[in-house]
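Enquirer: One structure is given below, represented as structure tokens, and several questions about it will come after.
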Amino acid sequence: MSKKTIESELGSILKQVTARLSKANTLEEVYAVRNEFSGKGSVLQQLLQSLKELSPEDRPLVGAKVNEAKKSIESDIERALLFLANKESIEKDEQRDIDVTAPFHVSNPHVAPFDSIGTPHPLQYEINRMLDIFTSMGFIPFEGRELDTDYYVFDSLNMPKEHPARQNWDTFRTEDNLIPTPHTSNMQVRIMRHLKTAPLRAVIYGRVARNEAADAVHGHTFYQIEGLYIDKGVSVSNMIATINAFVEAFFGRKVVGKIQPGYFPFVEPGIEYMGQCPFCDGVGCVSCKHTGWLELVGAGMIHPNVLREGGFDPKEYSGFAWGLGLDRMVMQRNGIQDIRSLFASDIRFLQSTI
Ligand code: PHE
């Protein structure tokens, strides 16, 4: 073959390949183009063979052209294959009519059906229940923060520097002087400033840390649910009624409540709410450690200094706040003996509680 024939052959091969590929609708058609135009025995191969017949001067030039054409044909074929493979898999998926909300095995024949499904962690389950109860009473849920500043943990809560009550709650500090929050009360002033208007109803859930030696009923890390209610003319009886309504909804039965004085710097007066043990009706059992009462909630009327800090005039507004240890209540409701089992990740325990 002469130089000219080779060059014109090459031109026509390139044209044919482009035309065939642009019409190809299936992978098979592209494979056919590949067999015909590239690889062993293809027309291109034959052209390469015929380079031998050229003069030594022409050979490298024409050879380079043939090689360039070969490369471009191969990459066009690759691209066409990729495009069609993608298109076919998308079309197949569309035909399969997948329900993305179904368990895996429903849409995928390669996955065996599950013989058991997971359960929410007992704490998460109870957090959701508690939030449901409070939201149904009109409280807006907020998540607490695990690290906070001196200001929100102490100062804003009527505990200036050197206040002795700080000692109960001061844990360790990060290098930036942030504190792992010892209670969810650090959210009180933040939420007052955020919501601004009364009636203000907020419920806060969060993980807190304390400087506490762990045993069966004490953890150094646990959960709290805190509440905040501010309006004109809110009284102690509103507070007791609200806490009582919550406790009864949580245990799912009538609970006799009593209050005793309690001290928290951010409330005045402060109380501890005790519930008569709903498991033994006050007779005494393991759940209440034979006292007949469960210590459930710390609460009180929000201190005027705290109201003022949050932007509410204490002459016009009053309110109450409470905080409860979620883990203890979860233990009591489910008859769990050791608080540490909530964090031990023992699958038998996790599956048995709820
Ligand atoms: N923050 C208190 C605690 O951690 C509980 C509490 C909250 C008491 C709100 C009164 C008002 O024990």
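Enquirer: Taking N35 and the conditions (1) touching a Leu at 6+ places or on another chain (Cβ under 9 Å); (2) in a helix (DSSP H, G or I), which numbered condition does it fall short on, given that it satisfies the others?
Expert: Of everything listed in (1) touching a Leu at 6+ places or on another chain (Cβ under 9 Å); (2) in a helix (DSSP H, G or I), N35 misses just condition (1).
Enquirer: Additional query: Does Q224 meet the test of being in the same structural domain as W169 (by TED's automatic domain parsing), within 20 Å of M274 (Cα to Cα) and either touching a His at 6+ places or on another chain (Cβ under 8 Å) or at pLDDT 95 or above (or both)?
Expert: So Q224 fits the description; yes.
Enquirer: While we're here: Taking segment 62-101 on its own, how many of its residues are at pLDDT 85 or above, among the hydrophobic types (A, V, I, L, M, F, W, C) and surrounded by fewer than 12 Cβ atoms within 10 Å (Cβ to Cβ)?
Expert: 2
Enquirer: Name, by its number, the condition in (1) among the β-branched types (V, I, T); (2) in contact (Cβ under 8 Å) with a residue 60 or more places away in the chain; (3) surrounded by 17 or more Cβ atoms within 10 Å (Cβ to Cβ); (4) away from the ligand (no atom under 11 Å from the Cβ) that does not hold for V247.
Expert: Failing condition for V247: (2).
Enquirer: Being more than 13 Å from the ligand (Cβ to nearest atom) and under 22 Å from L131 (Cα atoms) narrows it down to one of T221, T291, so name that one. Talk me through it step by step, then tell me what you get.
Expert: On the way: T291 fails: under 22 Å from L131 (Cα atoms).
Selected residue: T221, the only one of T221, T291 that is more than 13 Å from the ligand (Cβ to nearest atom) and under 22 Å from L131 (Cα atoms).
Enquirer: May I pose another question? Would you confirm whether any residue within segment 180-190 is away from the ligand (no atom under 13 Å from the Cβ) and either in contact with a strand residue (DSSP E or B) (Cβ under 9 Å, 6 or more places away or on another chain) or modelled with pLDDT of 95 or more (or both)?
Expert: Yes, because at least one residue in segment 180-190 is away from the ligand (no atom under 13 Å from the Cβ) and either in contact with a strand residue (DSSP E or B) (Cβ under 9 Å, 6 or more places away or on another chain) or modelled with pLDDT of 95 or more (or both).
Enquirer: Could you identify the single residue in Q337, Q351 that is part of a loop (DSSP other than H, G, I, E, B), open to solvent by 80 Å² or more (accessible area, probe 1.4 Å) and of a type outside the set (S, T, Y)?
Expert: Q337
Enquirer: Look through R145, R173 and report the one residue that is surrounded by fewer than 16 Cβ atoms within 10 Å (Cβ to Cβ), basic (K, R) and either in contact with a Leu (Cβ under 9 Å, 6 or more places away or on another chain) or not in a helix (DSSP H, G or I) (or both).
Expert: Sole residue among the options that is surrounded by fewer than 16 Cβ atoms within 10 Å (Cβ to Cβ), basic (K, R) and either in contact with a Leu (Cβ under 9 Å, 6 or more places away or on another chain) or not in a helix (DSSP H, G or I) (or both): R173.
Enquirer: Please give the number of the condition E212 fails out of (1) away from the ligand (no atom under 13 Å from the Cβ); (2) farther than 30 Å from D313 by Cα; (3) free of Cβ contacts under 8 Å to residues at least 40 places away in the same chain.
Expert: Here E212 meets the rest and fails (1).
Enquirer: Shifting gears a bit: Filter segment 21-32 down to residues that are assigned to a loop (DSSP other than H, G, I, E, B) and under 12 Å from L81 (Cβ atoms) and give me whichever is least open to solvent (accessible area, probe 1.4 Å).
Expert: That would be A24.
The values are calculated or read from the model by the stated rules, or taken from the named source; none is laboratory data. Because the structure is predicted, anything quoted here is derived from the model rather than measured. Ideal geometry is used to build each Cβ from the backbone, glycine not excepted, and the neighbour counts take in all protein chains shown. With ligands, DNA and RNA removed, areas are computed over all heavy atoms of the protein, side chains included. Shrake-Rupley method; radii C 1.70, N 1.55, O 1.52, S 1.80 Å.
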